[in-house]
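Heads up: the structure comes next, in structure tokens.
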């Protein structure tokens, strides 16, 4: 990841001033709605009246302690939250080559849209949306180089996919794809929680990769696809990495052979 600042000094200062003003206006409005003076609010909250006056004017920066105390005195809860916008300006350095490799793998009949913004009912960005007009198929793909919080990853991917499917054409079939970088940690996690991941992504990896490569093949459903990344270049694996049980079978069918054939080394 880049170590250079995204925002310059002036832009950062302007954003800070805007936030100060917004906080000050909100505190002032809550105080006026409650019908209390600055002196009374300062006495109950423990915030000095002169400091409170500067906060309301947007010229002083309130501490978290002051905000919590003022909110409690005004009968309000404090919540600090970052809202996803048009997409992050800082990225996992492995995701771009992984998505690039997946796009190169796709049958030419597929329509691809990278970085698709979702605005409701949840907000976020889907790494890649793949559409097959012939089969009315819409695939929401999330690329992950690591899985630090499995439950949150699955929940967020599901929420964004549902939002995408809700705004798709009536009758479209929706599916999810999890593009995972093959590392010791991700392989260990896949072997630790195969039932959980398998419930969200039940199709065999070989079937999914085959259907992505050749649109004439039947679509097997949501699944996990693995990528190996070396020196900034990603390669899509035709089957799960060696030692990973997840995605070897689909719906209890016999284990699938690798699309690449015997002798391929999946690291």
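Some observations on this one:
- Ranked by the mean number of other Cβ atoms within 10 Å of their residues, highest first, the peptides 129-135, 180-186 come out as 180-186, 129-135.
- Exposure proxy ranking, count of Cβ atoms within 10 Å, fewest first, for 112, 209: 112, 209
- Our estimate of slack between residue 152 and residue 125, defined as 0.36 nm per intervening residue step minus the Cα-Cα distance, is 8.2 nm.
- When peptides 28-34, 64-70, 218-224 are sorted by average Cβ neighbour count within 10 Å, with the highest value leading, the order is 218-224, 64-70, 28-34.
- Among (1) 65, 41, 39; (2) 79, 42, 34; (3) 49, 40, 36, the entry derived from the coordinates for Cα extents along the principal axes in Å: (2)
- For the stretch 95-236, a Kirkwood hydrodynamic radius built from all Cα pairs, placed in the Stokes-Einstein relation at 4 °C and 1.567 mPa s, yields a translational diffusion coefficient of 85 µm²/s.
- DSSP bridge orientation in the chain - percent antiparallel, rounded to nearest 5: 55
- Computed FRET value (nearest 0.05) for residue 168 with residue 34, which takes r as the C-beta separation and R₀ as 45 Å: 0.45
- The smallest convex shape that holds all Cα atoms of the stretch 9-73, its convex hull, gives 69 Å³ per residue.
- Fewest-first ordering of 127, 107 by other beta carbons within 10 Å of each residue's beta carbon gives 107, 127.
- Adding -39500 (n - 2.57) for every DSSP H run of four residues or longer, then dividing by how many residues the chain holds, sets the calculated 222 nm ellipticity at -12500 deg cm²/dmol.
Laboratory data are not the source of any read-out in this text; all were calculated from the coordinates shown. All values derive from a computational prediction rather than experimental measurement. Using ideal geometry, Cβ is built from the backbone for each residue, glycine included, and neighbour counts are taken over all protein chains shown.
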